[in-house]
Amino acid sequence: MKLESQRLQLLEINWNDLDDIHRLHSFPAVDEFNTIGIPKNRDETEELIRPAIEEQTDNPRKSYTWKIVLKDSGEFIGLAGFTLSLDKFRLGEIYYKLLPAHWGKGYATEVAKRLIKTGFDDFHLHKVEAGVATENVKSIHVLEKCGMVREGLRRKILPIRGKWIDNYHYAILEDDPLKA
């Protein structure tokens, strides 16, 4: 499944993306609110993305992982993903992460809006959700700009660098207004 927005393309990851994904996960700034941790080596990144690549043939399909590239140049700038509940609740959870050089340009908001639209239009979800560390102010701002609403706090749920971190739960319903 290929997605597009005004400036970006979201293309499903493959093994050729391993070096770009490893580079993304190796930035301490990207890892600040990430539960994965910085990979020790390329092999660790390979094992991390293996399920996302192998699950591309599942039917029904529970998860999607896309590389984010600039439309005009094809440059890799990050990753985005969707996990589906595949049940009567019709829930999906999104995530995104960008290389620091591409922060502050509106790309995260563009990706999040496109993922939300995909959740409702293509996956026919009732609700699209996202979790965010309570101190991740930039990502909180992105989710709120997209029309997502803070629904709650999950206390000390994120294991990040040996500490348990609180997480806000955000969501938007199929009949909520999606902010343009």
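We did not get these values from a lab; they are worked out from the coordinates using the rules stated. For clarity, every value in this text was computed on a predicted model and none was experimentally measured. Positions of Cβ are generated from backbone atoms using ideal geometry, with glycine treated the same way; all protein chains shown enter the neighbour counts.
Equivalent-ellipsoid semi-axes for the chain (Cα gyration tensor, √(5λ), whole Å, largest first): 23, 20, 17. Among the trypsin sites (Lys or Arg not before Pro) in the range 12-49, those located in a DSSP loop and surrounded by at most 16 other Cβ atoms within 10 Å of their own Cβ are 40.
Per the Debye calculation on the range 140-180 with a single equal scatterer at every Cα and no solvent contribution, log₁₀ I(q)/I(0) for q = 0.15, 0.18 Å⁻¹ amounts to -0.45, -0.58. The dipole here belongs to the range 20-125: it is taken about the Cα centre, uses +1 on the Cβ of Lys and Arg and -1 on the Cβ of Asp and Glu, and is about 340 debye.
Here the Karplus curve 6.51 cos²θ - 1.76 cosθ + 1.60, taken at θ = phi - 60°, turns the phi angles of the range 160-167 into couplings of 10, 6, x, 10, 9, 10, 6, 9 Hz, with x standing for Gly and Pro.
With a Förster radius of 30 Å, plug the Cβ-Cβ distance of residue 178 and residue 26 into 1/(1 + (r/R0)^6) and report the FRET value to the nearest 0.05. Mind dumping the intermediate values first?
Details: r = 34 Å, r/R0 = 1.12.
Working from the Cβ atoms, E equals 0.35.
Once both labels are positioned 7 Å from their Cα atoms along Cα-to-Cβ, the gap between residue 42 and residue 144 label points is 4.2 nm. Distance from the C-alpha centroid of the range 76-155 to that of the range 21-62: 17 Å, rounded to the whole angstrom. The percentage of C-alpha pairs in the range 9-79 whose separation is greater than 15 Å is 56%. Counted residue by residue at 0.36 nm each, then reduced by the alpha carbon distance between them, the extension gain from residue 103 to residue 160 reaches 18.4 nm.
Computed 3J(HN,Hα) for the range 56-67, one whole-Hz value per residue from the Karplus formula 6.51 cos²θ - 1.76 cosθ + 1.60 where θ = phi - 60°, is 5, 9, 5, 8, x, 9, 9, 9, 9, 10, 10, 7, glycine and proline marked x. Under the criterion of Cα pairs below 8 Å and six or more residues apart, the relative contact order for the chain equals 18 percent.
Straight-line reach from residue 145: taking Cα to Cα under 27 Å and skipping same-chain neighbours fewer than 8 places apart, the lysines in range are 2, 62, 67, 71, 97, 105, 113, 117, 127, 156, 179. For the range 42-49, 3J(HN,Hα) computed residue by residue from phi via the Karplus equation (6.51, -1.76, 1.60; θ = phi - 60°) reads 4, 4, 5, 5, 4, 5, 5, 8 Hz, glycine and proline entered as x.
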